[in-house]
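Visitor: Please read through the structure below; I'll follow up with questions.
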Amino acid sequence: MKKVILFFCLLSAAVCAQAVKVNPEPAVVTQSDGTRLTVYAYGDADFHWYTTADGTLLYHEGTNYYVADVTADGSLRRTPVLAHE
């Protein structure tokens with residue numbers, strides 16, 4: 001009987017567990033060169049991406065945001081271009 005109760009408790013915990021959505025509010029960040037950039041986040045805790053106000057896709061590395069390039073397999077890679085407004 002204890003195993004059945006434990007099973008249903010674990011099953012209900014698994015059903016309730018969901019990825020948390022990212023904060024949809026824009027964030028103003030300061031780049032390493034001193035410029036300020038407004039960043040918008042989309043997605044959830046498991047899969048998320050960033051854009052600028054004009055929709056430029058960004059790659060976040062350390063404290064900087066770079067213009068992103070989409071590879072053939074759909075993943076993002078950093079370009080050498082530091083993002084600006």
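The values are calculated or read from the model by the stated rules, or taken from the named source; none is laboratory data. Computed from a predicted model, the values in this text were never measured in an experiment. Using ideal geometry, Cβ is built from the backbone for each residue, glycine included, and neighbour counts are taken over all protein chains shown. Ligands, DNA and RNA are stripped out before the accessible areas are found, and what is left, the full protein with its side chains, is counted by its heavy atoms. Shrake-Rupley method; radii C 1.70, N 1.55, O 1.52, S 1.80 Å.
Visitor: Please list the non-local residues whose amide H lies under 5 Å from the amide H of A83, H modeled 1.01 Å from N, same-chain partners needing a gap of 5 or more.
Guide: Answer set, sorted by chain and number: Y65, Y66, V67.
Visitor: Report the gain in length on full extension from E61 to K2: 0.36 nm times residue separation, minus Cα-Cα distance, nm rounded to one decimal.
Guide: Taking E61 through K2 to full extension adds about 16.4 nm, to one decimal.
Visitor: Here's another thing I want to ask about it. Place a point 7 Å from the Cα of R36 along the Cα-to-Cβ direction; which residues of the stretch 50-78 have their backbone N under 18 Å from it?
Guide: Within reach of a label on R36, which here means backbone N under 18 Å from a point 7 Å along Cα→Cβ, the stretch 50-78 contributes 52-54, 64-65.
Visitor: On to the next question. Suppose accessible area is computed on protein heavy atoms with a 1.4 Å probe; arrange V39, V29 from highest to lowest.
Guide: V29, V39
Visitor: So, one more: From the phi angles alone, apply the Karplus equation (6.51, -1.76, 1.60; θ = phi - 60°) to the stretch 55-60 and give each ³J(HN,Hα) in whole Hz, x where the residue is Gly or Pro.
Guide: In residue order, the calculated couplings are x, 5, 6, 10, 10, 9 Hz.
Visitor: Okay, next question. Once the whole set of protein chains is in place, how much accessible area is left on D54, using a 1.4 Å probe, in Å² to the nearest 10?
Guide: 120 Å²
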